[in-house]
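> First the structure, which I've put down as structure tokens, then a few questions once you've had a look.
The values are calculated or read from the model by the stated rules, or taken from the named source; none is laboratory data. Please read all numbers here as calculations on a predicted model, not as lab measurements. Because the Cβ atoms are built from the backbone with ideal geometry, glycine has one as well, and the counts that use them run over all protein chains shown. SASA here: full protein model, heavy atoms, side chains in, ligands and nucleic acids out. Shrake-Rupley method; radii C 1.70, N 1.55, O 1.52, S 1.80 Å.
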Amino acid sequence: MKKLSIIACLTIAVSVFTFTSCSTDENQTVTNFNNLTMADEFNTPGAPDPTIWDYNIGTGDNGWGNNDLQYYTDREENIVVEDGMLKITARQESFEGSGYTSSRILTKGKFEQQYGRWEARIQMPWGQGIWPAFWMLGADIDDNPWPQAGEIDVVEFRGQEPTTIYAGLHGPEYNGGEAVYKTYDLENDRFDTGFHIFGIEWGSGYVNFYVDDVLFNQITPSDVPGEWVFDKPFFIIINMAVGGNFGGSPNSSTVFPQEMLVDYVRVYAAD
């Protein structure tokens with residue numbers, strides 16, 4: 001994808017963004033979601049708020065379905081709230097048969113919502129084989145297994161590509177390497193050297209993707225080669241994987257430990 005110029009490629013109207021990537025035109029519907037329904041500002045030191053977050057523990061099935069190398073824990077060494085932010089730390093260590101540890105938290109059963117604006121302010125880690133993400137799964141996943149439940153990737157990051165993020169959708173006929181995705185590139189900056197806001201605005205029949213309030217992608221039912229499964233409640237997952245199919249394994253250049261820093265998570269609904 002070409003790097004985007006806000007001035008050259010983004011025009012604002014009253015209720016519609018006309019997005020021009022300089023080679024294609026897309027009409028972008030923007031809904032103003034102003035009703036705050038969930039927020040974690042990470043201001044209380046210690047473990048993440050148990051009224052909002054739960055943990056995935058262990059190695060999952062086949063490395064969480066992606067050949068990940070880490071063991072997810074709820075230890076303070078891997079996840080803690082301090083200094084006004086959530087810190088997820090990936091470590092290279094021998095633990096329960098794995099060579100790496102990290103953490104993965106989720107709002108399943110605690111917070112789920114259909115539609116709205118979902119955003120997080122994050123500073124990414126870096127390095128070959130480091131794979132942080134802020135993403136969502138359909139709340140019916142226990143009865144409707146992936147990929148039928150649907151997946152919204154607000155942001156995924158390959159640590160070896162510090163200027164690029166990935167965002168998109170997985171569904172029944174478009175998942176894994178066939179997911180509907182787009183990238184966004186920073187110019188003269190990196191995602192691991194400062195905080196950036198990653199978000200979606202999601203309504204009936206569309207998902208809009210943002211970085212720092214710059215809208216860079218819209219996906220609608222006409223853009224996916226199969227069933228649209230995004231008109232139902234979803235929940236949040238935040239994690240940092242090590243290795244796996246997306247970014248490959250760490251190598252001798254990868255420095256540990258690595259930290260994923262989350263300043264806040266906020267979700268809004270329509271008034």
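> Could you list, in sequence order, the residues of the range 125-178 that are among the hydroxyl-bearing types (Ser, Thr, Tyr) and more than 23 Å from GLU227 (Cα to Cα)?
THR163, THR164
> Something else now. If a residue has to be free of Cβ contacts under 8 Å to residues at least 40 places away in the same chain and crowded, with 19+ Cβ neighbours inside 10 Å to count, how many in the range 132-153 make the cut?
3
> In this structure, does ILE165 turn out to be touching a strand residue (DSSP E or B) at 6+ places or on another chain (Cβ under 6 Å) and open to solvent by less than 50 Å² (accessible area, probe 1.4 Å)? Can you show your working first?
Working: touching a strand residue (DSSP E or B) at 6+ places or on another chain (Cβ under 6 Å): yes; open to solvent by less than 50 Å² (accessible area, probe 1.4 Å): yes.
In short, yes.
> If the requirement is being of a type in the set (Asp, Glu), open to solvent by 20 Å² or more (accessible area, probe 1.4 Å) and within 20 Å of LEU36 (Cβ to Cβ), which of these qualifies: GLU93, GLU112, GLU76, GLU82?
Going through GLU93, GLU112, GLU76, GLU82 in turn, the sole match is GLU112.
> Looking only at the range 91-119, count how many residues are of a type outside the set (Phe, Trp, Tyr) and under 14 Å from VAL262 (Cβ atoms).
7
> Of all the residues that make up the range 32-90, how many are farther than 30 Å from ASN175 by Cβ and either among the acidic types (Asp, Glu) or at pLDDT below 95 (or both)? Step through it out loud before you land on a result.
Pass one, the range 32-90, residues farther than 30 Å from ASN175 by Cβ: 32, 34-36, 39, 41-47, 49-51, 75-77, 80-85, 87.
Right, trim to either among the acidic types (Asp, Glu) or at pLDDT below 95 (or both) and you get 32, 34, 41, 49, 76-77, 82-83.
Here the count works out to 8.
> Considering only the range 43-77, state which residues are within 15 Å of LYS108 (Cβ to Cβ) and of a type in the set (Phe, Trp, Tyr).
Residues satisfying the conditions are TRP53, TYR55, TRP64, TYR72.
> Determine if the range 170-191 includes at least one residue that is of a type in the set (Asp, Glu), out of contact with any helix residue (DSSP H, G or I) (no Cβ under 7 Å at 6 or more places or on another chain), open to solvent by 20 Å² or more (accessible area, probe 1.4 Å) and assigned to a strand (DSSP E or B).
Keep residues of the range 170-191 that are of a type in the set (Asp, Glu), which gives 173, 178, 185, 187, 189.
Then drop every residue that is not out of contact with any helix residue (DSSP H, G or I) (no Cβ under 7 Å at 6 or more places or on another chain), which leaves 173, 178, 185, 187, 189.
When the remaining residues are screened for being open to solvent by 20 Å² or more (accessible area, probe 1.4 Å), the result is 173, 178, 185, 187, 189.
Okay, now just the ones that are also assigned to a strand (DSSP E or B), so 185.
Yes, the range 170-191 contains a residue that is of a type in the set (Asp, Glu), out of contact with any helix residue (DSSP H, G or I) (no Cβ under 7 Å at 6 or more places or on another chain), open to solvent by 20 Å² or more (accessible area, probe 1.4 Å) and assigned to a strand (DSSP E or B).
> Considering only residues that are assigned to a loop (DSSP other than H, G, I, E, B), open to solvent by 30 Å² or more (accessible area, probe 1.4 Å) and of a type outside the set (Gly, Ala, Ser), which ones fall in the range 32-53?
Of everything in the range 32-53, those that are assigned to a loop (DSSP other than H, G, I, E, B), open to solvent by 30 Å² or more (accessible area, probe 1.4 Å) and of a type outside the set (Gly, Ala, Ser) turn out to be ASN32, ASN34, GLU41, ASN43, THR44, PRO45, ASP49, PRO50, THR51.
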